[in-house]
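Have a look at the structure below, then the notes.
The values are calculated or read from the model by the stated rules, or taken from the named source; none is laboratory data. Bear in mind the structure is a predicted one, so any value in this text is a computation, not a measurement. Cβ sites come from the backbone with ideal geometry, for glycine too, and all protein chains shown count toward neighbours. These area figures cover heavy atoms from the full protein model, side chains too; ligands, DNA and RNA do not enter into them. Shrake-Rupley method; radii C 1.70, N 1.55, O 1.52, S 1.80 Å.
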Amino acid sequence: MQPGTLTRPELTAADRCDRCGAAAKVRAVLPKGGELLFCGHHARAHADKLRELDIDVQSGS
């Protein structure tokens, strides 16, 4: 028996960007388990740094 995979819920209209409060479009999952939510604008603005740090980035629907 294999353990189930933990997944994070889909982003909803209630999820807000941690930077500006706009609707969140992207979840950045940090190595130690935390997360940051970004609107499209801030996700693009921080994309290079997120890639550099090898952060798991998940786009919302």
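Residues of segment 12-61 that are part of a loop (DSSP other than H, G, I, E, B), under 9 Å from the mean Cα position of the chain (by Cα) and modelled with pLDDT of 95 or more: A24, K25.
Just to verify a result, which residue in segment 1-11, among those that are of a type in the set (A, V, I, L, M) and at pLDDT below 90, is most open to solvent (accessible area, probe 1.4 Å)? Break it down into steps so the answer makes sense when it comes.
Here is the first cut: in segment 1-11, the ones of a type in the set (A, V, I, L, M) are 1, 6, 11.
This time we only want the ones that are at pLDDT below 90, so: 1, 6.
Working: M1: 233, L6: 167 Å².
If we take residues in segment 1-11 being of a type in the set (A, V, I, L, M) and at pLDDT below 90, then M1 is most open to solvent (accessible area, probe 1.4 Å).
Within segment 12-30, how many residues are out of contact with any strand residue (DSSP E or B) (no Cβ under 6 Å at 6 or more places or on another chain) and open to solvent by 70 Å² or more (accessible area, probe 1.4 Å)? Quick ask: steps written out before the conclusion?
Of segment 12-30, the ones out of contact with any strand residue (DSSP E or B) (no Cβ under 6 Å at 6 or more places or on another chain) are 12-14, 16, 19-23, 25, 30.
Going one step further and asking which of them are open to solvent by 70 Å² or more (accessible area, probe 1.4 Å), we end up with 12-14, 16, 19-20, 25.
Looking only at that region, the number is 7.
For segment 31-49, residues that are touching a residue at least 12 places away in the same chain (Cβ under 8 Å) and either open to solvent by 70 Å² or more (accessible area, probe 1.4 Å) or farther than 13 Å from D18 by Cβ (or both) total 4.
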